[in-house]
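The structure appears below as structure tokens.
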Amino acid sequence: MRRASYAMLPATFLNSLASAQPWQVISLHPAGARSSEVSAVQAGAQFGTVFLTQSGRPQGGFWLGSAGTWTALADPDHNSYVEGSNGPVQVGVFSGQACLWQGTPQSRVDLVPPPSAGAANSGAVAVAGTTQVGGILVLSTGLDHAVLWRGTPESFVDLNPTGASQSTANATDGVFQAGSVSWATGGPHAAIWQGTPGSVLDVSPLGSTASEIMGMAPGVQVGYANFPGSTHAALWRGTTASYVDLTPPGGTLAKFYATTSVVHVGVLAQGSLARAAVNFGSPNSWVGLQQFLPAQYGGYSQANAVYQNGPTIYVGGWAQNAETGFHEAVLWIGTVPCYANCDGSTAGPSLTANDFQCFLNKFATADPTANCDGSSVTPILNANDFQCFLNAFAARCS
């Protein structure tokens with residue numbers, strides 16, 4: 001779960017951010033809970049953790065679009081978290097160890113590391129396809145190691161490369177894994193693996209004091225890079241040279257946690273507070289999500305997860321209740337400003353033949369972002385989506 005909070009930070013950033021279309025906001029905070037948070041979003045469901053009022057224990061579970069639908073995936077007598085979800089699988093932590101579920105408490109599979117790993121505890125934070133990633137705390141050193149599983153405890157792989165003091169794995173696209181590696185000296189370096197510790201690729205930007213990949217989708221990785229006096233929202237496409245800084249001019253704190261390839265979410269410092277924001281691929285295309293929240297959410301907020309169904313965007317996270325001071329789970333629902341710009345290009349002309357190829361690729365791989373008409377009847381992807389995309393392309397972008 002993305003538990004990071006940010007202290008009061010002075011920040012100035014470009015006032016002429018992307019024009020904000022109205023977003024729908026749904027509070028998912030269950031009645032009687034102390035605090036709650038969304039960590040993952042899928043079609044029709046949101047996943048995360050609720051802290052119970054009486055015991056204060058965290059309890060992982062899911063919602064189906066409203067606070068009253070909260071359903072726990074673990075009993076209240078054990079600490080549990082749901083950190084990630086993809087398709088039918090959810091991953092997280094149960095009683096100090098990594099686990100996965102498939103929608104019910106009875107489906108839980110404990111991904112306990114082998115004794116040879118020397119793990120004091122473990123956790124899974126992201127899943128895609130048959131791959132789950134997370135970390136272990138090594139008892140002998142007190143340091144973290146990035147790890148992966150493929151559905152069973154026996155499939156455990158320690159990704160910590162030779163020469164690294166510690167590492168973290170925060171994201172996977174089903175083929176690659178991403179997070180950070182700390183070498184003998186200095187802060188963490190953004191890193192990408194392909195299944196083995198020896199495959200690690202350090203993609204830390206030149207001049208950064210620390211960097212980390214927090215989320216990824218096929219072909220895109222997002223996170224942050226620290227430079228003296230500021231934290232910058234970062235995007236990569238698999239190499240060090242592909243690094244792009246998406247921080248607004250003058251911004252001193254911006255950070256991504258998740259992406260759909262063209263929609264990136266995280267936090268942006270607005271005044272003295274770091275608050276939930278969404279970005280559409282350029283430093284000038286940020287939209288602050290705090291402005292759409294009800295008045296009782298006057299403090300910090302954070303966007304942890306994003307899911308795109310055609311032009312519709314679902315963003316999950318939390319907002320601080322000004323009266324209680326606790327986090328409360330929130331779902332924002334909006335639309336992509338220029339859906340026809342499938343490849344997310346920012347150089348003019350933004351709409352080209354590449355967008356048609358992008359849409360064809362997404363349709364062929366059953367990517368939900370290709371569901372242009374937003375249909376929910378099987379087959380969800382059909383000829384109507386091609387006509388919908390053609391119409392959107394012909395209408396151009398304002």
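If I go through the range 260-274 residue by residue, how many of them are surrounded by 24 or more Cβ atoms within 10 Å (Cβ to Cβ) and either basic (K, R) or in contact with a Leu (Cβ under 9 Å, 6 or more places away or on another chain) (or both)?
Number of matching residues: 6.
Filter the range 200-231 for residues that are among the acidic types (D, E) and either touching a residue at least 40 places away in the same chain (Cβ under 8 Å) or closer than 26 Å to C358 by Cβ (or both) and give the result.
Matches in the range 200-231: E212 only.
Does L253 meet the test of being more than 30 Å from T365 (Cα to Cα), among the aliphatic types (A, V, I, L, M) and either assigned by TED's automatic domain parsing to the domain that holds A319 or out of contact with any Leu (no Cβ under 8 Å at 6 or more places or on another chain) (or both)?
In short, yes.
Which residue is nearest to C397 (Cα to Cα), if the candidates are limited to the range 344-366 and must be within 25 Å of the chain's Cα centre (by Cα), at pLDDT 80 or above and buried (at least 19 other Cβ atoms within 10 Å of the Cβ)?
That would be D355.
For Q308, indicate whether it is outside any loop (DSSP other than H, G, I, E, B), farther than 22 Å from F176 by Cα and not aromatic (F, W, Y).
The answer is no for Q308.
Sort out which residues of the range 248-282 are assigned to a strand (DSSP E or B), under 11 Å from A233 (Cβ atoms) and modelled with pLDDT under 90, and write them in order of number.
Passing the criteria: none in range.
Conditions (1) closer than 26 Å to G266 by Cα; (2) touching a helix residue (DSSP H, G or I) at 6+ places or on another chain (Cβ under 6 Å), marked per residue:
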residue: A340; (1), (2): yes, yes
residue: T346; (1), (2): yes, no
residue: S350; (1), (2): yes, no
residue: A353; (1), (2): no, no
residue: F363; (1), (2): no, yes
residue: S376; (1), (2): no, no
residue: A394; (1), (2): no, no
residue: C397; (1), (2): yes, no
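Contact list please: Cβ distance under 6 Å, first residue in the range 25-41 and in the same structural domain as T53 (by TED's automatic domain parsing), second residue of a type in the set (S, T, N, Q) and in a strand (DSSP E or B), pairs at least six apart or on different chains.
Matching pairs, first to second residue: H29/S36; E37/T49; V38/Q46; S39/N304; A40/S85.
Applying the selection to the range 213-232, what residues are closer than 18 Å to A269 by Cβ and within 15 Å of the chain's Cα centre (by Cα)?
M214, V222, G223, Y224
Does T324 satisfy the criteria of being assigned by TED's automatic domain parsing to the domain that holds S211, at pLDDT 95 or above and polar (S, T, N, Q)?
The answer is no for T324.
Quick check on the range 55-78. Is at least one of its residues free of Cβ contacts under 8 Å to residues at least 24 places away in the same chain and charged (D, E, K, R)?
Yes: the range 55-78 contains one or more residues that are free of Cβ contacts under 8 Å to residues at least 24 places away in the same chain and charged (D, E, K, R).
The values are calculated or read from the model by the stated rules, or taken from the named source; none is laboratory data. These numbers were taken from a predicted model, which means no experiment stands behind them. FYI the Cβ positions are ideal-geometry reconstructions off the backbone, even for glycines, and counts take in every protein chain you see.
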